[in-house]
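Notes follow once the structure below has been shown.
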Amino acid sequence: MLSAQAMLALDRARLNTEITRHRDDHLNALVEQASDVILIIDEDDRIRYASPSARILLGTSALSGASLVDLVDSSERRQAGYLLRYARSTDASAVDGGSRADWTLHAADGRTVRVEVSCRDLRTDESIHGVVVTLRDVTNQRRLEHELTRRLFRDTLTGLPNRLFFDERVSEAIAADAGVTGVLLVDLDNFRAINEALGRETGDAVLQTVAARLRDTAGGFLTARVGGNEFAVLAANVAGVEIVDEVAVRLTDALAGPIFGDGDMLSCTASIGVATTMNAGTAEELLRHADLALDAAKAAGRGTWRRYDPSTSTAVSYRLELRSALRQALQDEALIVEYQPIVALDTGRMAGLEALVRWRHPTRGVLSPGEFIGIAEESGLITPIGDWVLATAIHDALEWQPTGPGSYPYVSVNVSVQQFRSSGFVDTVHRLLSEARLPPARLVLEITESLLLRDDDKVWNDLKRLRQLGIRMAIDDFGTGYSALGYLRQVPLDIVKLDRIFISTMASSTRQRELVRGIVQLTRTLGLTVVAEGIETEHQRAISHSIGCGYGQGYLFARPMSHRDAIAWTAPATGSTD
Ligand code: C2E
Ligand code: MG
Ligand code: MG
């Protein structure tokens, strides 16, 4: 019985040893196969144990007794010591996975390796009694990561940092808040033309030349390529605004010089927008200001630079906002046409109505043409807008009642120079009239003196064609533009609309009145009808009539009104016998 028990005890002990041996073998196998290096560190940061893989990573596995911190690159030793101390602190044990970092180690064979380090405090573990440090070789991984970030932050064509990198540095500079920070946005004026005319290869070469010039001229300030043909320079935390301005001058000059390549000589000037932290508190604001300044520089002509000016910025950004909203307005049918009567000054009978466009802006209320016609002209939207007004006016005029037996009011439509010169304008007018079946005699087109400024056969011919169709032509705002009375003799016209400046000054100045009388007499001898614009008072009406104006338009008679009101206005008065 005893012997049986003894046998059993002996067996159990054997079994235990066997199990332990197995377990150790298994562990050893794991440790031995792992490319990760496992170190056990003593209380004084000396290595007690190093796994065999240390030979591969560190060039030797004979590390017993060596100080771990001494293997670390001198620049990182302090952090390394700190990490080991931290691993032994109670805070670290709370962190899942222990404490981690990246170290650069010097291997025994002279190589430098980058390792990811993780530490685990196992001092209380019976079998370990120390801090376990695992080193994983991440040299290639980090190199790849570095290369990727380099690519992520660099423009491949010019080798300059890109927008991502630049924006980050701007934020950093502002955060540092150690002086004035300036951003200079550089836009190549005629790059697109060069690219289109000479091909992409030349375009690329120009960009490379420009990049090099900018970098050399920026004098150590960060230079980046932030867009297709846009570059930027960051003057971070300098002593004053003057320094930023100096950079702008230097850059403008540097780019004014010609670019030579392949026997060609090109000129690719730049417009530069400058903004500084004197007016901006955040990176976004600073960059936005630089953009606005760039717009101002471009508007001022090529090869110039402008510093952001707070007083013009709201105007500029407002215009930009309107420009994009206007495109939408045309689609959303947010434009409306109002009509203002033109009346005979003797009888007061309405002869026609002028179509005046308005824009029902979603947030800014109803905008008058003075607030958006300029923008429409800049952006080329004036032609579709003008065509739409023309179509609407022709359509609306169909509903107007005759003001006398067989006499219908005409509709007078403003046509801007761009629209008039757009291809197929005359055909469009003709088509719209035919489709609506509105007699051409009921349409007047108002043009301005600027259309007649240049000797242009096409304009001349188109005017003639329109008149041959039976449409009448009026010259608007007469007297304000170039006041060349001579052309009244030659140009095929029907109506002259005297600008309201004459009407308002005539009442107070007899000299002015005689001058205007002269003009009116001349136009009448040429067979032209005269409409006095902007008649606001009875006195003005009387004078206008006395000097020979047949017709008038103004608040005295009626303000511009909706199409509905215009129908009511044209309807014969109740009780009329017509
Ligand atoms: P305009 O062709 O000379 O039109 C007359 C302008 O004088 C209108 O301004 C009208 O509201 C205003 N007005 C009329 N009577 C009086 C008055 O007694 N006193 C004063 N102070 N003003 C008076 P509005 O509607 O603001 O239009 C301004 C200009 O915008 C027009 O001047 C015209 O040149 C342009 N415009 C309007 N609609 C169009 C359009 O559809 N196409 C184009 N290209 N231009 C348009
Ligand atoms: Mg007009
Ligand atoms: Mg006018």
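Here, each number is a calculation from the coordinates, and none is a lab measurement. What you are looking at is a predicted structure, and each value in this text was computed from that prediction instead of being measured. Every residue, glycine as well, gets a Cβ built from its backbone with ideal geometry; the counts of neighbours run over all protein chains shown.
Couple of notes before you dig in:
- In degrees, nearest ten, helix 241-256 long axis to first principal axis of the chain (Cα): 70 degrees
- Relative counts (whole %) of C-alpha pair distances in the chain, using bins that are 10 Å wide: 3, 12, 14, 13, 12, 12, 9, 5, 6, 6, 4, 2, 1, 1, 0
- Distance between region 219-291 and region 392-420 - C-alpha centres, whole angstrom: 53 Å
- Label sites at Arg360 and Ala256, each approximated as a point 7 angstrom past Cα along Cα to Cβ, lie 5.2 nm apart.
- Normalising the average separation of contacting C-alpha pairs (under 8 angstrom, six or more residues apart) by the number of residues puts the relative contact order of region 402-474 at 37 percent.
- Over all distinct Cα-Cα pairs of region 156-308, the Kirkwood formula returns a hydrodynamic radius of 15.3 Å.
- Convex hull volume of the C-alpha atoms in region 34-144, normalised per residue: 104 Å³.
- Highest average first, the peptides 159-170, 411-422, 507-518 ordered by how many other beta carbon atoms sit within 10 Å of their residues are 411-422, 159-170, 507-518.
- Surrounding net charge for Arg541, when Lys and Arg each add one and Asp and Glu each subtract one, Cβ distance under 15 Å: -1
- Built amide H within the under 5 Å cut-off of Ala571, gap 5+: Gln401
- Count Lys and Arg as plus one, Asp and Glu as minus one, and take only other residues whose Cβ is under 13 Å from that of Arg323; the net charge is then -3.
- Relative contact order computed over the chain (Cα-Cα under 8 Å; 6+ residues apart), in percent: 8 percent
- When peptides 430-442, 56-68 are sorted by average Cβ neighbour count within 10 Å, with the highest value leading, the order is 56-68, 430-442.
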